[in-house]
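Q: Questions regarding the structure given below will be posed in turn.
The values are calculated or read from the model by the stated rules, or taken from the named source; none is laboratory data. From a predicted model like this one, the values you see are computed outputs, not experimental measurements. Cβ atoms come from the backbone with ideal geometry, glycine included; neighbour counts cover every protein chain shown. Ligands, DNA and RNA are stripped out before the accessible areas are found, and what is left, the full protein with its side chains, is counted by its heavy atoms. Shrake-Rupley method; radii C 1.70, N 1.55, O 1.52, S 1.80 Å.
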Amino acid sequence: MEKRKIRVTDVTLRDGMHAVRHQFSVEDARAIAGALDKTGVAIIEATHGDGLGGSSVQYGFAKESEEDYLRAVCETVKHSKVAALLLPGIGTVEHMKRAAQYGISVIRVATHCTEADISEQHIGEARKMGLETVGFLMMAHMVPATVLVEEAGKMASYGAQTVYVVDSAGAMLMDEVREKVAALRDALPKDVEVGFHAHNNLGVSVANSIAAVEAGATRIDASLAGLGAGAGNTPLEVFVAAAEKVGIGTGIDLYAAMDAAEDVGRPRMIRPVLTDRVSLTMGYAGVYSSFLLHAFRAAEQFGVDARDILVELGRRKVVGGQEDMIVDVAVELANQKKTAVSTGR
């Protein structure tokens with residue numbers, strides 16, 4: 001039987017930035033990009049964890065300038081395309097134009113799953129520039145499939161050539177993935193691809209990615225050794241092995257992916273990518289995976305449990321871009337703790 005063929009985007013140099021506090025150096029970028037290029041991965045995404053223009057007080061300053069970082073990746077790769085992420089409100093059309101000058105050929109425009117309308121200008125301009133253009137619907141677990149279809153339709157109408165179901169919180173299980181990916185596949189024009197981006201907070205990123213392909217996705221995201229926000233992304237090398245077992249063609253050399261993960265990715269981790277108590281809480285509570293290190297810092301600063309912060313953020317349905325709420329919640333919990341102690345409750 002002929003294999004189903006998909007394209008894989010590796011996000012080690014973008015989502016992985018969250019897990020290293022955006023501190024990859026130009027040398028790190030060159031080493032990782034070179035190793036990935038040898039695997040045969042179709043696309044390598046590289047930016048600050050929060051996309052173009054993300055290096056800031058609110059999201060964390062990157063070690064290197066955006067220009068140096070992107071140029072290093074684009075100059076290193078010989079076969080893979082290079083992508084950048086853009087979140088409207090953080091990145092601008094001017095950021096995108098400069099990134100194209102540095103050498104990227106793919107742009108991924110990301111919005112909250114109910115806010116596709118803010119991507120119209122960026123997607124339209126990207127198509128005019130000749131960039132391969134992808135729409136990215138984040139926190140897709142928060143809305144029913146009918147809403148996701150409506151928002152995906154907007155991105156397609158603006159010119160997106162692929163639209164992704166993005167499980168930013170690692171909160172989805174296989175049945176939900178199948179339902180939402182299939183709903184997009186059924187509703188979107190046939191020439192618009194469907195993609196899926198997973199986080200491993202509930203330990204099912206590989207299973208979810210396989211389920212997405214079975215439901216019609218032809219684009220899957222992964223990263224070396226799973227390096228990414230929260231409990232990390234779908235591990236590239238594990239996904240490639242599993243995909244081969246079920247007859248999915250990725251075009252990636254399994255041994256090269258294993259070697260890149262073991263020899264290049266893992267040595268550059270600040271901390272191991274684990275489904276620990278806090279990242280598990282993120283998946284359970286449905287909280288944006290990039291909140292992980294922010295929650296750790298706030299918990300330590302105010303003497304509260306990071307899990308309590310995340311559960312409360314989930315209750316309030318806080319989304320990406322509301323990182324300031326992490327400190328607000330930590331302060332409230334600390335004050336509640338002091339009150340309980342003083343009153344003997």
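Q: Residues with amide H under 5 Å of Ala42's amide H, sequence separation 5 or more or different chain, H placed in the peptide plane at 1.01 Å from N; which?
A: When sequence neighbours closer than 5 places are left aside, the close amide H contacts are Val8.
Q: Have a look at Tyr102, Tyr255, Tyr158 and tell me which one the Gaussian network model of the chain (Cα, springs below 10 Å) gives the largest fluctuation.
A: With Cα springs under 10 Å in the chain, the top fluctuation among Tyr102, Tyr255, Tyr158 is at Tyr255.
Q: Could you work out how far apart the two model spin labels at Ala334 and Ser25 are, taking each label as a point 7 Å from the Cα in the direction of the beta carbon, and quote it in nm?
A: Spacing of the two 7 Å Cα→Cβ label points: 3.4 nm.
Q: Now a separate question. At 1.4 Å probe size, with the rest of the protein present, what percent of the exposed accessible area of the chain is carbon and sulfur atoms?
A: Numbers: 7000 of 13780 Å².
Taking all protein chains in place, the chain shows 51 percent carbon and sulfur surface.
Q: Please enumerate, by chain and number, the aspartates and glutamates with C-alpha under 14 Å from the C-alpha of Lys128, excluding those fewer than 8 residues away in the same chain.
A: By straight Cα distance, Lys128 reaches Glu94, Glu120.
Q: Next question. At 0.36 nm per residue, and after removing the present C-alpha to C-alpha distance, how many nm does the segment from Asp191 to Arg316 gain when stretched out fully? Walk me through the numbers on the way to the answer.
A: Numbers: separation 125, 0.36 × 125 = 45.00 nm, distance 3.75 nm.
So the extension gain works out to 41.2 nm.
Q: Between Tyr255 and Asp175, what is the label-to-label distance in nm when each label sits 7 Å out along the Cα-to-Cβ direction?
A: 4.2
Q: Report, ordered by chain and residue number, the lysines lying within cross-link reach of Lys245, taken as a straight Cα distance under 21 Å and ignoring same-chain residues fewer than 8 apart.
A: Within the straight-line cut-off, Lys245 pairs with Lys3, Lys5.
Q: From the helices alone, meaning DSSP H stretches of at least four residues, give me the mean residue ellipticity at 222 nm for the chain, per-run term -39500 (n - 2.57), in deg cm²/dmol to the nearest 500. Mind showing how you got there, number by number?
A: Working: 14 runs with 153 residues, N = 345.
My calculation for the chain gives -13500 deg cm²/dmol from helical runs alone.
Q: Next question. Taking amide H atoms as placed 1.01 Å from N in the peptide plane, list the residues 5 or more away in sequence, or in a different chain, whose amide H sits under 5 Å from that of Arg4.
A: Here the answer is Gly249, since their amide H atoms fall under 5 Å of that of Arg4.
Q: Looking at the chain, do any whole DSSP H helices span at least 30 angstrom along their long axis by alpha carbon and average 0.0 or above on Kyte-Doolittle, and which?
A: On the way: long enough: none.
Span-like helices, by this rule, are absent here.
Q: Could I ask something else about it? In a Gaussian network model over the chain where Cα atoms closer than 10 Å are linked, find which of Thr275, Thr133, Thr234 has the largest mean-square fluctuation.
A: For the chain, modelled as a Gaussian network with Cα springs under 10 Å, the answer is Thr275.
Q: Can you give the log10 of the normalised intensity I(q)/I(0) at q = 0.22, 0.23 Å⁻¹, computed with Debye over equal Cα scatterers of segment 277-343?
A: -0.82, -0.89
Q: Counting only protein chains, not ligands or nucleic acids, how are Met172, Met325 ordered by accessible area (probe 1.4 Å), most first? Write out the running numbers ahead of the final one.
A: Details: Met172 0, Met325 50 Å².
Most to least solvent-accessible, the answer reads Met325, Met172.
Q: May I ask for the percentage of alpha-carbon pairs in segment 135-189 that lie more than 13 Å from each other? Don't jump to the answer; show the numbers that get you there.
A: Details: 771 of 1485 pairs.
The answer is 52 percent, as a whole percent.
Q: Turning to a different aspect of this structure: What's the extension gain from Gln121 to Gln101 if we count 0.36 nm per residue and subtract their Cα-Cα distance?
A: Details: separation 20, 0.36 × 20 = 7.20 nm, distance 1.91 nm.
Length gained, Gln121 through Gln101: 5.3 nm.
Q: Using a Gaussian network model of the chain whose springs link C-alpha atoms within less than 10 Å, name the residue from Leu70, Leu274, Leu310 with the highest mean-square fluctuation.
A: Comparing Leu70, Leu274, Leu310 in the GNM, the peak value goes to Leu274.
Q: Additional query: Using the heavy atoms of the protein chains and a 1.4 angstrom probe, tell me the accessible area per residue for segment 12-109 in square angstrom.
A: Numbers: 3390 Å² over 98 residues.
So segment 12-109 comes to 35 Å² accessible per residue, rounded to a whole number.
Q: Can you give the log10 of the normalised intensity I(q)/I(0) at q = 0.10, 0.11, 0.14 Å⁻¹, computed with Debye over equal Cα scatterers of the chain?
A: Listed by q, the Debye log ratios stand at -0.54, -0.65, -1.07.
Q: Taking a 1.4 Å probe, which of Lys97, Lys128, Lys317 shows the most accessible area, and what order do the others take after it? Mind showing how you got there, number by number?
A: Working: Lys97 80, Lys128 160, Lys317 135 Å².
Highest to lowest solvent-accessible surface, that is Lys128, Lys317, Lys97.
Q: Give me the number: length gained by fully extending Lys3 to Ala207, i.e. 0.36 nm times residue separation minus the C-alpha to C-alpha distance, one decimal in nm.
A: On the way: separation 204, 0.36 × 204 = 73.44 nm, distance 1.79 nm.
Length gained between Lys3 and Ala207: 71.6 nm.
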